[in-house]
Amino acid sequence: MKILFTLTYIGFPSVDGRATSLIPIANSLAENGQDVHILSTEEIRWGDFEQDGVKYHIVKAGDRAGLLRLSKRFSRLLGEIKPDIVVYRPGGDLGFKNLFNVVYLRLMTKLYNRPLVLYLWGGFPLSRFSFLFSKILSPVADSEIKCNYEILPPIVNTKNCFRHQKNPEFLKAIGIKNEKVALFANGSRNYSRHTLDYILHDRGLLDIIKAVQILNNEKRLKVLICVPCLFNGKGRKEITKILDEHRVTDKFIILGTIENMRELMATVDCYLFPLSMEDKAWLPFSILESLGCGTPVISSKHRLAQQIIIDHKNGLLVQARQPYELANAINSILNDSGIRKKLVEEGLRLVKERYSYNVVTGKALEIFRSVVNNQ
């Protein structure tokens, strides 16, 4: 089967993005013998290339012509590769790019008589246009999607997950000796005041800073801030100023782009995900990757996170914007080996049973074949 996935922006590498959770699905289908293509835009790397069995068609982004290039390339690919099915991975809003893509993809797939599937990443506003799609796929059950949908969970590549173990060379290179390490990660590349506010408040970095301030007597704690736009320039200046104001600068290490996020996740002692936003929710794929690496997760009680994490069984859940709760959770994972051991074992079991290649790939193929046969 020839499958063409398309999304407006792919980002290499990314954290919790549409691409991050799409690529494992594409890889698994290619490994299964399917002819898989991904069409998207990127600012740094573009062209046609093959990686892990998937054929990428990446056009240049970063200017106003990116969407036009993407549209032209899509129409060419429909004629060149003649896919059996087209799968669109949208953003979480009803912005111009999403609406333009939906209309254009529907017109072109109609012209070439190809089924068009909407594969949601989270945030479900596009699902109200279900009549435009042959099928809607959602990572989780959600009452906002009224009809014509099936659940297709994300895939965690358990074969390539690094099992939890310290990487002494990496830790030494960033200035860590014997400290316990927590990780906060976000893929934002371009700094703006709006982006900083989003990272601090919606993504919960300010809660982490306040929690570390509460845990000031915990001398062994270091928190890695892995956010590209905060690594240098104005972004670094602003986040350093905030850390100074809370007198926790020595507790944080600011990192930029990390090529192998899985290896970093397997190196740290816990992954922090204190998300507070609900209106444009997405499935937090980084939670699953952390669990697959054997790294305990502390998350806010976000509606989609709660479909993954059962509190005190395979992770810890706290109320958003409650730094004292977050501080207590961090302290539990760092200092209670019994809790930590249970969270690691149950997290690995969850990923293996519900989100592994063997489980999800067959489900994806079954859905795609059904859509093609009913076209």
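The numbers here are math on the coordinates, done by the rules we state, and not lab data. Since this is a predicted model, take the numbers as computed values, not measurements. Quick reminder, even Gly has a Cβ in these numbers, built from the backbone with ideal geometry, and neighbours come from all protein chains shown.
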Using only alpha carbon positions, build the gyration tensor of region 254-375, then give the equivalent ellipsoid semi-axes as the square roots of 5 times its eigenvalues, largest first, whole angstrom.
29, 17, 15
What is the percent of Cα-Cα separations in the chain that go past 37 Å?
20
If neighbour count is taken as other Cβ atoms inside 10 Å, put H57, H302 in order from fewest to most.
H57, H302
In whole Hz and in residue order, list the ³J(HN,Hα) couplings for region 69-83 that follow from phi through the Karplus curve 6.51 cos²θ - 1.76 cosθ + 1.60, θ = phi - 60°; x for Gly and Pro.
4, 4, 5, 5, 5, 5, 5, 5, 5, 4, x, 7, 9, 6, x
Please label the shape of region 168-354 as rounded, prolate or oblate, based on the square roots a ≥ b ≥ c of the eigenvalues of the alpha-carbon gyration tensor (a/c under 1.5 means rounded; beyond that, a/b larger than b/c means prolate, else oblate).
rounded
Distance from the Cα centre of region 335-369 to that of region 199-231, in angstrom?
28
Considering only L200, L224, L99, give the residue with the highest GNM mean-square fluctuation for the chain, with springs between Cα atoms whenever their separation is below 10 Å.
L99
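Quick one: longest stretch of the chain between exposed loop GluC sites (Glu not before Pro), exposed meaning at most 14 other C-beta atoms within 10 Å and loop per DSSP?
Working: sites that count: E144, E259, E278.
For GluC sites (Glu not before Pro) (loop position, at most 14 other Cβ atoms within 10 Å), the longest site-free span of the chain is 1-143.
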